[in-house]
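*Asks:* After the C-alpha cells below, expect a handful of questions from me.
The values are calculated or read from the model by the stated rules, or taken from the named source; none is laboratory data. Values in this document were obtained by computation on a predicted structure and should not be read as measured data. Counting neighbours? That spans all protein chains shown, and the Cβs are built from the backbone with ideal geometry, glycine included. Each accessible area value is taken on the protein alone, full model and side chains, heavy atoms only, with ligands, DNA and RNA left out. Shrake-Rupley method; radii C 1.70, N 1.55, O 1.52, S 1.80 Å.
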Amino acid sequence: MKTVLAAAALLFALLVAVVVVSGFVSPAEHVASVTLELDTPIDIVWERVSDVEFYSSWRSDLETLELLERSEHLVGTRFREVGREEPVLFEILQAEPPRKLVSRIADDELPFGGQWTFELRPRSGGGTTLQITEEGFVRSFLFRALGPLFSKTATMELWLTDLAVSFGEPVRLSQRP
C-alpha cells in the first residue's frame with residue numbers, strides 16, 4: 001500500500017512539474033486571426049463595429065457595456081464590457097473609417113491582455129470582408145501551461161458569429177491561428 005501511495009505521489013509531483021515547466025517555456029505572446037465574409041456593405045458593417053455603445057444589443061457574451069469616455073473620432077474612447085467573466089476595460093487606439101479599428105485591453109491588472117485589429121475590406125458585389133487579428137499575451141505561467149486546452153480564436157469567432165447573426169446573414173468564418 002505504501003508503494004502505491006508513493007508511486008501516486010511521485011506521479012502527481014511529476015505532473016505538477018511538467019505543468020510548471022511547460023508554463024514557463026510557453027510563449028507569453030500569441031497572434032491569431034479570424035475572418036468573416038458578409039454580404040452587408042462596408043459602411044453599414046463599419047457602423048456596427050465602431051458603435052461600441054450598442055455592442056450589448058447584439059453580442060451574446062455581454063450583459064452590459066459601460067461607456068466611460070467617448071471621443072468624437074473614436075480614438076481614446078474607453079468602455080468596460082461586463083459579461084460572464086470579470087469586467088474588462090477597453091480603449092480604442094486607432095480608427096480609420098470605414099477600414100480599420102484597433103482596440104486594446106486597458107486594464108494592466110488582468111492576467112491577460114493585448115489588442116484587436118479590425119480590418120474591413122469591400123467585396124465584389126457590395127459585401128464586406130472583416131478580419132479580426134488578436135495580438136495577445138498571457139502573464140501567468142499557469143494559464144500559459146493550460147493554454148493548449150483553450151482556443152485562441154473562440155472569442156473572435158463568437159464576436160463575428162454574433163455580428164453575422166445581427167445582420168441576418170449566414171456565418172462564413174475562416175481562421176489563421
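*Asks:* Among the candidates E91, E96, single out the residue that is open to solvent by less than 60 Å² (accessible area, probe 1.4 Å) and among the acidic types (D, E).
*Replies:* Unique residue meeting the criteria: E91.
*Asks:* Is it the case that T117 is closer than 16 Å to L160 by Cα and in a loop (DSSP other than H, G, I, E, B)?
*Replies:* For T117, the condition - closer than 16 Å to L160 by Cα and in a loop (DSSP other than H, G, I, E, B) - is not met.
*Asks:* Which one of L110, L101, L173, L160 is open to solvent by less than 30 Å² (accessible area, probe 1.4 Å) and closer than 13 Å to E37 by Cβ?
*Replies:* One residue alone meets the criteria, L160.
*Asks:* What number of residues within the stretch 35-88 are open to solvent by 60 Å² or more (accessible area, probe 1.4 Å), hydroxyl-bearing (S, T, Y) and touching a residue at least 40 places away in the same chain (Cβ under 8 Å)?
*Replies:* So the answer is 1.
*Asks:* Give the number of residues within the stretch 1-34 that are among the small types (G, A, S), over 17 Å from the mean Cα position of the chain (by Cα) and either buried (at least 17 other Cβ atoms within 10 Å of the Cβ) or modelled with pLDDT of 65 or more (or both).
*Replies:* Selection size over the stretch 1-34: 5.
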